[in-house]
Structures are given as C-alpha cells and as structure tokens.
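Bear in mind that the values in this text are calculations on the coordinates, not laboratory data. Treat the numbers as computed from the prediction; the structure is a model and nothing was measured. Heads up, the Cβs are rebuilt from the backbone with ideal geometry, glycines too, and the neighbour counts pull from every protein chain shown.
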Amino acid sequence: MKLNSLAFRLFRTAAVWAVLVLPLAGLGIDWVHKRDVFNSFDARLNQLLTLNIAFSTDRSGAEPGVPRNVGEPLFELAHSGWYWQITPLDRSPGKRLISTSLASEELPLPSRLGLKPDRYNIIWQDTKGPVGEPLRIAETLYNAGDDENPYFYSFIVAGNLEFPETRVAEFRVPLAFALAVAGIGLVFSTFLQVRYGLEPLRAVERRLSAIRSGEAQLLEGRLPAEIEPLQTELNALIKSNQDIIERARTQVGNLAHALKTPLAVIANEIGEDPSPQARKVAEQAALMRDQVGYYLDRARMVAQVDVIGRVTPVGPTAEAIVRALTRLHRDRGIEIDLLCPPGVNFQGEKQDLEEMLGNLADNACKWAGRQVRITASMATSTTDRHPQRLLIAVDDDGPGLTEEQRAQGIKRGRRLDETKPGSGLGHSIVADLCQSYRGQFRLEKSALGGLSARLDLPAA
Amino acid sequence: MRVLVVEDDPDLNRQLVSALVDAGYAVDKAMDGEEGYFLGETEPYDVVVLDIGLPKMDGISVLEQWRRADRNMHVIILTARDRWSDKVAGMDAGADDYVAKPFHMEELLARIRAQVRRATGHAKAEIECGPLRLDTKTARVTLDGQPVKLTSHEYRLIAYLLHHSGRVVSRTELVEHLYEQDFDRDSNTIEVFVGRLRKKIPPHLIKTVRGLGYRLSPEKDEA
C-alpha cells in the first residue's frame, strides 16, 4: 500500500479512529460500570442499615438492642471489613453496640464531621477501617423517642470497599481485551472495505493500461455510479486527443501542399539560369524547402509524442512498404525479403512506422546490388520504460559505409552520395522519429555485405 | 511519346508542360481531377504526371478509376504529401512512381524517361537500331555517332519508332501518341514527316508495311 494512496488514507482514518476513539469508549464504559458497581454497593449498605435499625428497635423500650438478624455473616467475622455500630447520642439512654467483626474498635461518626445527609437521610463517608482496610460508612440518625422526648441514636453500617474495587478492576481486563479485538477488527474490516471499495478504481487502472498498450481504444465496461462520470470524461479526452492528432496531421499535410507547390514553381522558374540573382533565389528556395521539410517533420512528431492507445501490426505495414518498393525498383530486379512473424506489433502510429521503415528500406533498395532483407522481431528489455521491444533490421548487399560514414549517416541532411536521388533527410527523419519514441537507431555493417540499419522501438 | 499533366496549380502546370514539350513529348494538360480523369480515360497516353491534391476529384480516386477501367498507362504521382503512408496509398492505387514536391524538373524528366523505357521494354537510357542511336537523357539522335538535326516533330516520330523498333506501328497509333488532343487527325502529316526523316537517315531503316503502318528495322532486305 503506497503512502500517497486512497487506500492508505482510508486505512489511516480507520487506524486513527481505533487508536483515539476506542480508548475513550473504554473509559466511558469503565466509568458507567464503576458507577453501577458502587451504586449497588451503596444500595446494599442502605439495605443492611435498614435491617439493622429494624431488628434492633423491634422490642419494647426506647433503647435499641443488639439486632437479631443483621443479614450479613461477615458482621460476625473479626476485622472482615463489614461492621455495624449503634451509638447513643447526647443524653440518650443505653450504651454503644457494635458488631462482632468490629471487636473492640470504634468507628468514627460521619455526622460529627459535619457531612450532609443525602435525600434518604443517610450520611456517607469513605475512610479506613480498624486494620487499615478501605471502608464505606453509611450512617443515619434514628429517633427512638418522640418529638417531645427525643432519643437519638447513630446507626452505622460499613462495608469493605475492596469488594466493589476488585469487581471494577476485574472488569477492566476483559474490557480492554474486547476493545483491542474490536480495534483490530475495525482496522482489518477497513482494509477489506478498502480492497473491495477501491476495486473499481483498480479496474479503471487496468483498463487504462490496456488503452496505453493498445489492447483497447476506450475505457469500456460498467463502473460504479461514482466513477461513471470519470469514465465518460476520460473517454471523451481520449477521443478528443485522437481527433486533435488527426486534425493536426491534416493541417500539416495541407500546409505541406500549400508551401511545397509554390516552392516547386519558384525552383523550376529559375531553372538553370546562371545569373547571380537567379542563383541566390535558387539557394534561398532550397533553404526554404529544407526548413519547410524540417519543421513539418517536427510538427508531425510533436503531434504524435505519447499518443495513447495506438498499436500497429508490423507485418501488414512492412508488406505494404515492400509492395510499393518492389514496384518502384522493379527495373533493377532487387529481391526484397521480409521476415516478420505474426503478432509483432509497434506501440505507436502506423504512419510513423511507415515513415521509418519506408525511408530505411527505400535507401537500402537504392544501394543494394540484388538483395534487401527486412527482419522484425520482439525482445524483452530489463532497463527500458517499455520492457517489450520491437527490433527491426534493414540489410542490403550494397557497398555499405565506413565506420565514420555510418556516424555521419544519421545526421540531418547529410548526403554521402549526391548521385542517388533523394533529399538526404531519410536517415535523420528516421533518427528523429525513433528518438521521439525513445527508441534507438544505429547503422552497422550487414551480414549481407552492405549497410544494416537497426531500430529498437517500443513494442505492444 | 504522349504525356498528360494533371496539376491544378497554373504556374506549375505551365512549367511542366513547357519542360515536357522541350524534352520532345506531346503534352496535354488538365487543371482538375475530372478533366484529368476524362482525358486519361479517352486518350492513349504513354505517361501521366498526376497531382494528388486536385479539385473536383482527388488524384488517388482518378488513378483508381483508371485502373478499374483497365487503363494501363504509366502514372507518376506528383504531390506535396510525401510521407510513406501517402506513397504506399499511391502505389497501392496503381501508381508506377512517385515524385515529391518540391522537385527538380530534371529528376521528373528522368523518371518520365524511365517510365517510357519501362513501357516499351528497354532497360537502358540509350536505344539503338542499326547505325541509329537515341540518347533519351539528352533527346539526341545520332547516326553512326554523328548528330542528326531534327525538328521537334521529326524527333517525336523517330523516338517513338525507336522505342518500338522491330514492331509495326500503325499511322493511327503514331497520330495518337505523337500529337496533342487537338491535332487534326485527318491530315497526312505523318507521311510528310516520314518522308523528311528518310532524307536524314538511311531510308531503308523506316519500312512502310502496306496497309498496316511503319516499322523501324536495320535490315535492308525487307519486302
């Protein structure tokens, strides 16, 4: 997963959610649980306090007695953390009564600390017990007399706070585990959602790749509603791109026609007139012809760079070139062999392949003694941007070139022999076109004895 | 030899016609595709110089229609559209050669000579018949190495006979291939020029085959 990707964005959002929100949720759940546990604990103390009052004041006389049933066996176990205590206040008769568990100790009276009772008239206090255990004390003041002769007693029930605190602590472990599992599950489910949700985008990527490699002309197939407009726009862009190229080519062709015919008229009008003025015009006309040719070629090449979705089968294109050349050079009896297995494709414009192959093969025919051989094959490169390579070799059995001439041969307008017809631009046009496809063009010595012109181009 | 020039640019058309007449050809011209197609369809040209970008009907369509109608004259395409895709389209349509604009007139004339030689089965630029020799490059006729002074019409006649030496060439064929479209076909000019030629070269070289036409042949003992 790349850092700069939609998948990573979605994944990161889910991870941040899991890391920040799940702990907050855990704290919330823990708070609610803790409140519930302590509320239950308080309710239990309240219940025991009520029982304590009820069973100690159920006999005759104003003075409370030892309660008969306190409802909690731990009141009988020494220093258990569960205690009750009945203390006469002011001048009330009787003596202080305590549970067996309190032994001879005495619990402090919260009412004497100035603490306020709750709406049930119970005063609550958290403190330490006789042996240092955490205690929660519930106290209520009970009037055993009447309004005219009140006898107030402090009734206390205390419970060991370790009990609810242990329950809260024990709950936190499975809670943390559950939240961790939920977090991991959330991240994993996000990962699956991202994979599933972004699959149509990957399909778009594959289809665009198919267009680039020439297997498809347009972005086809049914896509989700959200990216259907993107599909429509991309197809319109591709079509517009192709239309622009076609229009540019047509305009370039028209420009060629518009400029070259007057140039031909000027050159022919001057003819062989030896006057200095006529020679100057002839020289300038030739210069214009070369410039027009050069910039028309450049315009064509600029129009075709990185055109997408163009694949040209080499076989039929080469056969058409061979057919034309056989007709053009039929008087010289040159044999043109074409070796091109089926399925060899050029990733680029048909016109550009024709231009490269036509110039090389025509040049080979001009120089060949009897034989010209055109071979096309596929190869795989490990270093190039386009790993699939198309290798074309055009060999002839002519006189060939020296190493120095071969180096000069691909320079623009360099004519190594003025006796052969042509502008001298053929090899350099091939070199420029080849370069525009990021390919390579070399001149070597041929096994047939003459020149071997070699092209290394992107294949499809 | 008779040539048709189909070119819509009036200046270039004029230059082509002028250069071809100077080179000894009988030349007709057309300024658009329809006129060019009609002339090529109805007249027996030896070579046609055909522009591709023509008004009314483009050159490729003209050529295709000629070939479909079995018109087999040699056609040289002349165009500013010089990409190989254009060349292949032209050759596939039935062209015999291709010249890209701007061009040197001498190059075009050389291509036309090559097509004429190809049409008559001659491989070399020089054609011989006994002591008579035609250099197609310079449009010069020599007899035993000495130049023969000829008018343009005499040159056309002897050049045609030399290209077709050994074969009987009818008077009608000569008229059709040596003169422009508006030539008066009923005149006896051919006989006049044959008579003049027989005074400049050994008379036995041009034999009259009674009722059929003329034959150029070096043998003396012909009937």
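Couple of notes before you dig in:
- Debye-sum result for region A:1-114 in log10 I(q)/I(0), which assumes one identical scatterer on each alpha carbon, at q = 0.24 Å⁻¹: -1.35
- Packing order of peptides A:375-381, A:393-399, highest average first: A:393-399, A:375-381 (average count of other Cβ atoms within 10 Å over each peptide's residues).
- Within a straight-line Cα-Cα reach of under 18 Å, B:Lys149 can be paired with the following lysines, leaving aside sequence neighbours fewer than 8 residues apart in one chain: B:Lys137, B:Lys199, B:Lys200.
- The magnitude of the dipole of chain A, with charges of +1 and -1 set on the Cβ of Lys/Arg and Asp/Glu and taken from the Cα centre, is near 1480 debye.
- Taken over the alpha carbons of region A:59-191 as equal point scatterers, the Debye sum produces base-10 log I(q)/I(0) values at 0.20 Å⁻¹ of -1.19.
- Semi-axes of the equivalent ellipsoid for region A:26-83, Cα gyration tensor, largest first, Å: 32, 14, 7
- Axis of helix A:276-304 versus longest Cα principal axis of chain A: the two differ by about 30°, to the nearest ten degrees.
- Peptide B:9-16 shows a mean partner chain C-beta count of 4 within 10 Å per residue C-beta.
- Those trypsin sites (Lys or Arg not before Pro) in region A:190-249 that DSSP places in a loop and that have at most 12 other beta carbons within 10 Å: A:Arg222
- Separation between Cα centres of region B:94-123 and region B:189-223, rounded to whole Å: 30 Å
- Charged neighbours of A:Gly358, selected by a Cβ distance under 9 Å, balance to -1 (K, R count +1; D, E count -1).
- On Cα atoms only, tilt of A:199-212 relative to the major axis of chain A in degrees: 10 degrees
- Karplus (6.51, -1.76, 1.60) ³J(HN,Hα), θ = phi - 60°, over region A:363-370, in Hz, Gly and Pro reported as x: 4, 4, 5, 5, 9, 5, x, 9
- Loop sites by DSSP among the GluC sites (Glu not before Pro) of chain A, restricted to those with at most 15 other Cβ atoms within 10 angstrom, leave A:273-417 as the longest stretch without any of them.
- Charge-dipole axis of region A:54-96 as Lys and Arg at +1 and Asp and Glu at -1 on Cβ define it, positive-most pick from A:Phe75, A:Pro88, A:Thr57: A:Pro88
- Over the protein assembly as shown: helical MRE at 222 nm, DSSP H runs n ≥ 4 each giving -39500 (n - 2.57), nearest 500: -15500 deg cm²/dmol
- Look at the dipole of the protein assembly as shown built from charges on Cβ: of A:Met288, A:Ala203, A:Thr375, the Cα furthest out on the positive end belongs to A:Thr375.
- Against the rule of thumb 2.2 N^0.38 Å, how large the Cα Rg of chain B comes out: 1.04
- Relative to the longest principal axis of the Cα atoms of chain A, the long axis of helix A:314-328 makes an angle of roughly 10 degrees.
- Selected from B:Val148, B:Val27, B:Val17 as most flexible by GNM, with chain B as the system and alpha-carbon contacts under 10 Å: B:Val148
- DSSP-assigned coil residues among trypsin sites (Lys or Arg not before Pro) in region B:115-198, each with at most 14 further Cβ atoms within 10 Å: B:Lys124, B:Lys137, B:Lys149, B:Arg167, B:Arg185
- The number of Lys pairs in chain A with C-alpha atoms less than 22 Å apart, excluding pairs fewer than 8 positions apart on the same chain, is 11.
- Surface/4 estimate of mean projected area, convex hull on alpha-carbon atoms of the protein assembly as shown, nm²: 56.4 nm²
- Test item: A:314-324 mean partner chain Cβ contacts at 10 Å: 3
- For region B:1-111, the square roots a ≥ b ≥ c of the C-alpha gyration tensor eigenvalues yield an a/c under 1.5, which makes the shape rounded.
- The mean number of Cβ atoms from other chains found within 10 Å of a Cβ in peptide B:74-83 is 5, as a whole number.
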